[in-house]
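The values are calculated or read from the model by the stated rules, or taken from the named source; none is laboratory data. Remember, it's a predicted structure, so these values are computed and weren't measured experimentally. Quick reminder, even Gly has a Cβ in these numbers, built from the backbone with ideal geometry, and neighbours come from all protein chains shown. We work out accessible area using only protein heavy atoms, side chains counted, and drop any ligands, DNA or RNA first. Shrake-Rupley method; radii C 1.70, N 1.55, O 1.52, S 1.80 Å.
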Amino acid sequence: MEHKEYVRICDGAATAILFIHGIVGTPNHFNEFVSLVPASFSVYNLLLDGHGRSVKDFSKTSMKKWETQVTSVVEELSFTHERIYIVAHSLGTLLAIDQAIKNNKVCKLFLLAIPLRLSIKPKMPINSLKVFFDKIRWDDYEALAARNCYGIEKDKNPFHYIGWIPRFLELFKKIRQTRQTVKLLNTTCLVYQSGKDEMVSSRSVKCFENKPNVLVNVLHNSGHYFYSKQDFEFLLTEFNNMLETNV
């Protein structure tokens, strides 16, 4: 499966939508959302640095590079558009919150699985091992979804993954930082947390208490990567509604 950026800049477009995937993720995570964006909107489905390539390439990237990359794209879009919406998943939500706080042209956030508190459940490492060994049954929907959202080339040498440790330590640090900075978020923010998330704790939403600009929805039958049919249809409807609602 290819993991590539998709960019469609429309001359004269007032609105641009930026998509930001999660750690070791892929822009393909948002394909069905991108297909719903009207032709009059610009689209930037970002591939974060170090993704879409080898395990060693991912080891060489950093949180700083991701932050700089996202800032650069948002500034570029700001020059030519009146408003920017950001759709993001997991790590991408942390980067999106940063941009909304720093840039007033970011006026809507559509955030999936915000990891402000973590709660690692057994099925997370189990699914990771299934993806690693490519041993997934056709009806194991959660593991299949995890594989489809994995944006790094396969590497069967486990020692090559040692270089990933700093990347995840940076992620944990970013989570702690965002728990503090989220209080500064005044942008319209639609949050969708999964009730069966294998990584993100339900306590994450407590960080949004007393924030009238944040609307939280719980997808009771979905996980970090897998969405039930009903929940996913709800997400797409919500996304369409966001596009149709004036700022």
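Odds and ends about this structure:
- Ile120 meets each of the listed conditions (1) within 15 Å of Leu185 (Cβ to Cβ); (2) open to solvent by 20 Å² or more (accessible area, probe 1.4 Å) apart from (1).
- On the stretch given as the range 93-103, residues that are out of contact with any strand residue (DSSP E or B) (no Cβ under 6 Å at 6 or more places or on another chain) and either under 12 Å from Thr188 (Cβ atoms) or aliphatic (A, V, I, L, M) (or both) total 3.
- For the range 72-91, a tally of residues being exposed (fewer than 14 other Cβ atoms within 10 Å of the Cβ), in contact (Cβ under 8 Å) with a residue 40 or more places away in the chain and either assigned to a helix (DSSP H, G or I) or in contact with a Leu (Cβ under 8 Å, 6 or more places away or on another chain) (or both) returns 0.
- Scanning the range 228-247 for residues that are open to solvent by 90 Å² or more (accessible area, probe 1.4 Å) and over 22 Å from Pro38 (Cβ atoms) returns Lys229, Gln230.
- Pairs, first touching a residue at least 40 places away in the same chain (Cβ under 8 Å) and more than 8 Å from Tyr44 (Cβ to Cβ) in the range 8-20, second of a type in the set (A, V, I, L, M) and surrounded by 21 or more Cβ atoms within 10 Å (Cβ to Cβ), C-beta under 7 Å, six or more apart: Ile20/Leu46; Ile20/Val70; Ile20/Ile86; Ile20/Ala88; Ile20/Leu95; Ile20/Ala96
- The residues on offer are Phe159, Phe234, Phe239, Phe168, and the sole one that is free of Cβ contacts under 8 Å to residues at least 12 places away in the same chain, out of contact with any Leu (no Cβ under 6 Å at 6 or more places or on another chain) and assigned to a helix (DSSP H, G or I) is Phe159.
- Of all the numbered requirements in (1) surrounded by fewer than 16 Cβ atoms within 10 Å (Cβ to Cβ); (2) modelled with pLDDT under 95; (3) not hydroxyl-bearing (Ser, Thr, Tyr), His3 misses one, and that requirement is (1).
- Condition check for Phe30: of a type in the set (Phe, Trp, Tyr), free of Cβ contacts under 8 Å to residues at least 24 places away in the same chain and farther than 18 Å from Thr187 by Cα: no
- When the range 198-227 is filtered for residues that are open to solvent by 20 Å² or more (accessible area, probe 1.4 Å), in a loop (DSSP other than H, G, I, E, B) and closer than 27 Å to Lys123 by Cβ, the ones remaining, listed by number, are Met199, His220, Asn221, Tyr225, Phe226, Tyr227.
Residue by residue, here is whether (1) out of contact with any helix residue (DSSP H, G or I) (no Cβ under 9 Å at 6 or more places or on another chain); (2) assigned to a loop (DSSP other than H, G, I, E, B) holds:
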site	(1), (2)
Cys10	yes, yes
Ala16	no, no
Leu36	no, yes
His51	no, yes
Val70	no, no
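- Here Ile162 clears all of (1) surrounded by 12 or more Cβ atoms within 10 Å (Cβ to Cβ); (2) of a type in the set (A, V, I, L, M, F, W, C); (3) under 21 Å from Ile120 (Cα atoms) except the condition numbered (1).
- Selection of the range 92-117 for residues being assigned to a loop (DSSP other than H, G, I, E, B) and either open to solvent by 10 Å² or more (accessible area, probe 1.4 Å) or at pLDDT below 95 (or both) yields Asn103, Asn104, Lys105, Arg117.
- Unique residue being within 12 Å of Ile114 (Cα to Cα), basic (Lys, Arg) and at pLDDT below 95 when the list is Lys211, Lys183, Lys206: Lys206
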